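Heads up: the structure comes next, in structure tokens.
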Amino acid sequence: MDRPPLDSRSLVVRLMRAHGTLSRVELVPLTGLTAAAMTNIVRDLLLDGLIEEAGSLGNTGGKPRTMLRLRAEAGYAMGVTIDLSTTQFVLVDFAGQVVGRLPVQPSVRGAAELCESIADGASRLAAQAGIAMEKILGVGVAGQGPHDPFLATPAPAPYADQWLDVGIGRAVEERLHMPVVLQNDANAVAAGEYSLSSDARASNNYAVVYLGESGLGSGIVVDGQLVLGSNSYAGAIAHLSMDVNGPPCFCGSQGCLELYGTPRAMIEAVRRQDAAGTDSPIGVSRTGPVTPRDLRALYSAAQNGHPYAVDQVNKVARYVAAAAATTAGLLDLNLIIYAGSGFSGMETVFLEAAQEVSDRFRRVGARRHFAVRSSCLGSGNDSAAVGGALGVLERPSGARGRTTADAARA
Ligand SMILES: [Zn+2]
């Protein structure tokens, strides 16, 4: 991932988070350190209370190996993701497991309110989970962005032009007296997958397609590195042109996936259909901003077999699958991971559409087929919040802020 080189301690901690349990003998080849150096690092981590022994594994003929694991209560990280209707908070332990969650509705607008809401939600969730604030290593905030520079008027998402502003991070840091790590939501999931899932690490070349309440984005990992690009805007999958003769998009291109595959595009199509009155109405709002309730109405109609709703969802699933397959083909990726609340309730339809494209590639003998699955970090918007929290846990231990050893002692 795109992080500074790790010191040996952080590397050992990260490997243990990824693998669950490891012995000293297994850690040596994984780190490239000598056995003597490993003995010293493990001793220090045990003394600092960051790892603990987890029984021993019998070894035929030899000495049994002592297995080691992270001490889950050694420290915690708060993860937050902000979307249209909900700000989702999760509390993650040192081993990377979710120990508490708090959805806050409605999400707020404006930098000052947002900062206040993050600080307030984090304190409330810590209290709810019975975890002292001193044990929390930092807050990872994941959301849309960076700010779309092509928009003349303020971004349609209420926070898109504000939340990535470094001022928000600083303001929350000052309020909570702990470091804040800001990330794009799709990138947070992509990095988090690398931390926790063995198939993502084995793949080393994959993309997370993130469909939130409003927007669609992707986080791309190539050769084990998160791809950021010159404006930190790599993975803007919503602006892949699906039809060069299609309607103009605000980004300057034509027929972008944004116009077909985002929740707003889906609901606007349903509104037109409802207004035409050729079929029984699906029951979305008639005007005004599209809300998550509209998307739920569409998905629930599709689940109940409403013909237009089924058609609409299938069509969008094929668009998203085509964009994912294009990304996979362009960058030679072998795994596509779907995440985000925009898929909730319709995961199977979206995953099957992507699988179908990959199966077609396989049938004609093309090398560019890929595996497809949903995120292992959690369903709905949990995945981005967990990714945000993991971004805090996986910072090198030399980074600014409270150290893991401080939190373990608290
Ligand atoms: Zn566009």
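Rule-based calculations on the coordinates, nothing more; no lab input. These numbers come from a predicted model, not from an experiment. When we count neighbours, we look across all protein chains shown, and the Cβ atoms used for this are built from the backbone with ideal geometry, even at glycine.
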For Ala371 and Ala112, compute 0.36 nm times the residue count separating them, minus their Cα-Cα distance, and round to one decimal in nm.
89.0 nm
Run the simple label-point estimate for Ser253 and Glu268 please: 7 Å along Cα→C-beta, distance reported in nm.
1.6 nm
Value at 222 nm in deg cm²/dmol, rounded to 500, when DSSP H runs of n ≥ 4 in the chain each add -39,500 (n - 2.57):
-13000 deg cm²/dmol
Sorted by average packing, counted as other Cβ atoms within 10 angstrom per residue and highest first, what order do 232-242, 365-375 take?
232-242, 365-375
Glu356 paired with Thr39, simple spin-label distance in nm, labels 7 Å along Cα-to-beta-carbon:
6.1 nm
Helix 8-19 sits off the longest principal axis of the Cα atoms of the chain, rounded to the nearest 10 on a 0 to 90 degree scale, by 60 degrees
What full-extension length gain, to one decimal in nm, is calculated for Ser344 and Arg293 as 0.36 nm per residue of separation minus the Cα-Cα distance?
17.1 nm
Of 83-90, 218-225, 279-286, ordering from highest average Cβ density within 10 Å down gives 83-90, 218-225, 279-286
Take Ser56 and His19, extend 7 Å from each Cα along the Cα→Cβ direction, and tell me the distance between the two endpoints in nm.
1.9 nm
